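Just below is one structure, and these are the notes that go with it.
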2 protein chains.
Amino acid sequence: MYICPMYSSELIKGTLKTIVLNLLKEQGKMYGYEITQRVKLLSNEKIQITEGALYPLLHALEKQGEVTTESEYIGKRVRKYYSLTEKGAISAKDKVSELADFMATIRFLLNLETTTANG
Amino acid sequence: MYICPMYSSELIKGTLKTIVLNLLKEQGKMYGYEITQRVKLLSNEKIQITEGALYPLLHALEKQGEVTTESEYIGKRVRKYYSLTEKGAISAKDKVSELADFMATIRFLLNLETTTANG
DNA sequence: CAAATATACATAACTTTCTTATGTATAATC
DNA sequence: GATTATACATAAGAAAGTTATGTATATTTG
């Protein structure tokens, strides 16, 4: 069995947008820091989204009308919550489908079809 | 069911090196053009490796000692065959393991665990 | 209570890695 | 003879990260 401390950044690159859109779809609304922590947790520390990658992505998604934002104050500190628009929800669905399809193709390409136990 | 004409390039980016190393591992030796055609065929046209991506990658792999080359003449035209070195074989194995692990993590992250039929 | 760590945002310089375009040349097909 | 396929190579530009830096509040710990 293979133990990986952290995936190479090239791998994460292509899936970041999909992951974020999908999380927003499932969670309803989230703020940036929360997204980084949840991905870290769910991936067992193997995917750590950097702020330099996440915030520009979220800003771009907002600009493209895929998410809307609302700021909330926790004490004096601001939190910016992101929610999917209808367009963003469609995008999330498409992205996830594409990624699922892609992974199936890759498994076939790499002959990983029967990868189940004891790798 | 989702029909995808061609995966977004961001997705392919992170997996190109892995795909190439794995093909070389399975096929013994291949030349560049052959790699592009095989990937195109095996992926049902959904992954088309561009020459501008492939050749620089192959040159880099050679420079790093992961592949060796031998040129063969087919008539007057040259073909450059690439084979894995021992180092390249290890790299291939590692890369494939990492990708398999990564895809499992992504499936979990995206709740695709039970994706089998009529997705 | 001071220091360190965690929370929470943002952006800029730089790097990597591809896309697109271009270039060269032979072989096969129509 | 012209077009398409085979077969290599590289350079300019774009995209999307990483790394570093900056600001500021909240919490934990010694």
Among what's in segment B:54-63 and is away from chain A (no Cβ under 14 Å) and within 12 Å of DNA strand C (Cβ to nearest atom), pick the residue that is most open to solvent (accessible area, probe 1.4 Å). B:Lys63
Would you confirm whether any residue within segment A:79-88 is in contact (Cβ under 8 Å) with a residue 60 or more places away in the chain and surrounded by 16 or more Cβ atoms within 10 Å (Cβ to Cβ)? yes
Report the residue count in segment A:29-51 for those that are under 20 Å from A:Arg77 (Cα atoms) and of a type in the set (Val, Ile, Thr). 2
Which residue out of B:Ile35, B:Ile19, B:Ile74 is within 11 Å of DNA strand D (Cβ to nearest atom) and within 12 Å of the chain's Cα centre (by Cα)? B:Ile35
On the basis of being within 26 Å of B:Glu98 (Cβ to Cβ) and not β-branched (Val, Ile, Thr), does A:Asp94 make the cut? no
Options A:Glu26, A:Glu51, A:Glu66: the member that is open to solvent by 70 Å² or more (accessible area, probe 1.4 Å) and within 16 Å of DNA strand C (Cβ to nearest atom): A:Glu51
Matching residues in segment B:8-21 - criterion: being under 14 Å from A:Thr105 (Cα atoms), touching a residue at least 24 places away in the same chain (Cβ under 8 Å) and near DNA strand C (Cβ under 9 Å from one of its atoms): B:Ile12, B:Thr15, B:Leu16
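Yes or no, residue by residue, for (1) over 12 Å from A:Ser83 (Cα atoms); (2) touching a helix residue (DSSP H, G or I) at 6+ places or on another chain (Cβ under 9 Å):
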| residue | (1), (2) |
| --- | --- |
| A:Gln27 | no, yes |
| A:Val39 | yes, yes |
| A:Ile47 | yes, yes |
| A:Thr50 | yes, yes |
| A:Leu54 | yes, yes |
| A:Leu58 | no, yes |
| A:Glu62 | no, no |
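The values are calculated or read from the model by the stated rules, or taken from the named source; none is laboratory data. What you see is a predicted model, and the numbers here were worked out from it, not measured in a lab. A quick note on method: Cβ atoms are made from the backbone with ideal geometry, for glycine too, and the neighbour counts reach across all protein chains shown. Note: accessible area is taken over every heavy atom of the protein model, side chains too, but ligands, DNA and RNA are not part of it. Shrake-Rupley method; radii C 1.70, N 1.55, O 1.52, S 1.80 Å.
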